[in-house]
Ligand SMILES: NC(=O)c1ccc[n+]([C@@H]2O[C@H](COP(=O)([O-])OP(=O)(O)OC[C@H]3O[C@@H](n4cnc5c(N)ncnc54)[C@H](OP(=O)(O)O)[C@@H]3O)[C@@H](O)[C@H]2O)c1
């Protein structure tokens, strides 16, 4: 009988997912985790549902859902040994960016239900966004399974196809990294104005946390809040003008576009490598 989850790769994203699942008591487990460095899994092994798997060939049970969280560049060599290990009917989810489902089909063979999921780092805190799509048609019971696995980690959104997933990945998948970079910029800017380094970092960090919590509680549009917080000819408005003059929108657009362009290049690089 199939049961539980098999997580392949416990790096930044795999560990974020595992942290989210461990906090989610209604998922019954087991969570089998394969990762070359055992130390990355050990912090989670206090949870009785988590089991370290040194060799996937020796796994006695048949997982219901398999989640692949290795780097796109490693997918092909890592998954090669799973071709005969994944039982027909199991749901195989990959969180790797850029690689199309057809690539997994080539590596793993037919008869599997393949799903691409794009989670983001806040899944670790149960407030992530996980977008997903599958080989069409994705059967309702598969959708239910994916939503059950990722649902406790934040919002889960079905998107129509892989193109739609790739288009949204620069915003939701890379977005936490972009926001971290912006927080650092705020801290550095405050430092330039004369605030001491550690204090500037702490103020900038708390600013983002506080604003996110405030936003969560507000029913207003972001643009309304942005207008309301600035008095005409006041300090904040002067800052907005400087941001517009420095083409903030164009800057953010260029970051998302660069990420999307890189995703297309990675797809070519890795799918044509073998
Ligand atoms: N980071 C994000 O915010 C984010 C967001 C969305 C999607 N993703 C996707 O998530 C995937 C992983 O990214 P990441 O940032 O978590 O990378 P990462 O930190 O490098 O994690 C990759 C993990 O895969 C493990 N691994 C290597 N060979 C393996 C094998 N044969 N079997 C099992 N595990 C193996 C590595 O273990 P060792 O270190 O022990 O070698 C490492 O822990 C990528 O495909 C990425 O596109 C990431």
Within segment 1-10, can one find any residue that is within 24 Å of residue 133 (Cβ to Cβ), surrounded by 14 or more Cβ atoms within 10 Å (Cβ to Cβ) and more than 12 Å from the ligand (Cβ to nearest atom)? yes
Please find, within segment 210-237, the residue that is nearest to residue 175 (Cα to Cα) out of those that are under 23 Å from the mean Cα position of the chain (by Cα) and surrounded by 11 or more Cβ atoms within 10 Å (Cβ to Cβ). 212
Per the filter on segment 127-139, residues surrounded by fewer than 20 Cβ atoms within 10 Å (Cβ to Cβ) and at pLDDT 95 or above are 127
Could you tell me whether any residue of segment 152-163 is surrounded by 14 or more Cβ atoms within 10 Å (Cβ to Cβ), part of a helix (DSSP H, G or I) and at pLDDT 95 or above? yes
Of all strands (runs of 3 or more DSSP E) fully inside segment 50-126, the set with 2 or more residues that are without any contact (Cβ under 8 Å) to a residue 40 or more places away in the chain, buried (at least 17 other Cβ atoms within 10 Å of the Cβ) and more than 10 Å from the ligand (Cβ to nearest atom) is 50-53, 113-118
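The values are calculated or read from the model by the stated rules, or taken from the named source; none is laboratory data. It should be emphasised that the depicted structure is a prediction, and the values quoted were computed from it without experimental measurement. Glycine also receives a Cβ, built like all others from the backbone with ideal geometry; neighbour counts cover every protein chain displayed.
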